[in-house]
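Okay, so here's the structure we're looking at.
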Amino acid sequence: MIDIRDVVIEYGRGERAVLAVDGITLRIEPGESLALLGPSGCGKTTLLFSVAGLIRPKRGDIAIGGEPVTGPRGEIALILQNAGLLPWKTVWQNANLSLRLGGDYPQKTAASALEELGLGGVRSRFPAELSEGMKRRVGIARALSTAPSVMLMDEPLASLDTLTKERIQDLFLKLWLERRFALVLVTHDIEEAAFLGGRVAVLTERPARVKTIVENPGLGDLDYRETEEFLGIVARLREALEEGTQ
Amino acid sequence: MSRIRRAGRALWEGPVFWHVARYVAAMAILLLVWWIASEVVEAVKGRAFLPNPIRAIAEMARLGPTLFKNFWVSAWRLVLAMLIALGLGYPLGLLIGHERKLDQLISPMIYIIYPIPQVAFILILFLIFGLGNPVKVAIVATALFFQILVSARGAAKQIELEHITSVLAAGASRWQVYWHVVLPATLPSILTSLRVSVGLGMAFLYIAETTGSFDPWRGGLGSFIDSNIYSGPQAFAGIMAMALLGLSLYILIEIIERVVCRWKHVSRRGS
């Protein structure tokens, strides 16, 4: 469903051009989850933004459902690092943003997403009045409001405490199991990649290339973190990340 | 109804009461310092060059209707000039700050003109607008235009990229990026700039109202002070009215900020 073919992305022009992504080819099927794991600043977010239609690759093609990606599309939702909430909008206005921006979606979806995530009581509050965990949930509600078939996440749980992070990882897994959107998660957190990625593509340092792909068939259970299999995947991912680095 | 009354009473007994109390105390201290200064000047120089505040206040009361008329003339000139500067400077500043190519094209021109003292343009403005109200408003608006333009440009450049990415990913058009991000993100800085503009605007208003003694449309507090410059208490009654005008505008901007930037004044309640 998501086809990334030999994508090269460069920042800047001429002598100051920086190669961020160098020839990545990946395919993500409908309902599949893929984690892009790599060191900070390796170019994984750049690749994700090009799938979201925000950055145009210098070379190669990205297509979703057979249609080339030329800009943001209603079926794609993007969750950003700090949830991307607008501080001057209330929880409701933030969750409902995609609908306000003219998307052709059923109006009730934002309200039901807020209710589902336990945010019905804080609809009129501003992000500054919320805890970090609540802010991330508002970001999720906004993403869910458009009932997307593709969910892109850019380090969505960075800078959260361990317990809050695990609770929201559980929520992501539950939502993915229920709705089966194609999920692409960008992270530098090995355990997060192992918990949420059905496959984990380990990327090199910049420019990002696929170093290896680790299959993670055990995924799908909230207790997965406590299993031997999970620890084994974590160890393999750590080894793959460390390979070739100093 | 009783809920509204309760809320009003809570506000009055809470932050509003203390806000007003602080201003009353500040006024009392300033009047005391003024009184001491006037006594010292009289003792040293042998003449009351700096009039006693009680006499100035008495003059204010005596000249009430005249002063009030001049107060309104100055007030509408200043407010109109601020609105014109805001209406032109704010959108242009946002465009320059947000659109890189426009910034490269226009910013050098602005930074060449900005450091020139705007007083230097007064003669040109008189030649263009002639005598009367338009030139007075134009003098103040020209001075404030650059102030607001530069602030808006700076504020637009400070916008967090994540906020723009967030709305672009949600499918926003260019116009929607301005409406949902650029405008609200820069409002607090612009309101701060407007506060600074009150002081700057008053100074230019004084210049505008005192320039051209043959101008039949003089009026305003600047002109009032200028006409009474050798009569201490009257001039100081005019100066106090100007301070009152400035204070009223500060309070008005504060109220506007509380309404349009409500999100800036909330504290974290969630857990």
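Here are a few things to note about the model shown:
- Average other protein chain Cβ within 10 Å of Cβ, residues B:260-266: 4
- Semi-axes of the equivalent ellipsoid for the protein assembly as shown, Cα gyration tensor, largest first, Å: 61, 27, 20
- Calculated [θ] (222 nm, deg cm²/dmol) that DSSP helices of n ≥ 4 give over chain B, each run adding -39,500 (n - 2.57): -26000 deg cm²/dmol
- Under the Debye formula (equal points on every Cα, no solvent term), log10 I(q)/I(0) of region A:17-173 at q = 0.09, 0.19, 0.21 Å⁻¹: -0.31, -1.27, -1.44
- Mean per-residue shielding of peptide A:42-52 is 1, counting Cβ atoms of other chains within 10 Å of each Cβ.
- Once you reduce region B:68-101 and region A:38-61 to the center of their Cα atoms, the two points are 42 Å from each other.
- Computed about its Cα centre, the charge dipole of the protein assembly as shown is approximately 2220 debye, with only Lys, Arg, Asp and Glu carrying charge at their Cβ.
- Using the Karplus relation 6.51 cos²θ - 1.76 cosθ + 1.60 with θ = phi - 60°, the per-residue 3J(HN,Hα) values for region A:216-222 come to 9, x, x, 4, x, 10, 5 Hz, with x marking Gly and Pro.
- Chain A - mean residue ellipticity at 222 nm from DSSP helices (-39,500 (n - 2.57) per run, n ≥ 4, rounded to 500): -9500 deg cm²/dmol
Quick note: the coordinates plus some simple rules give every number you see, no bench work behind them. The structure presented is a predicted model; accordingly, all values stated were derived computationally and were not measured. Positions of Cβ are backbone-derived with ideal geometry, glycine not excepted, and every protein chain shown enters the neighbour counts.
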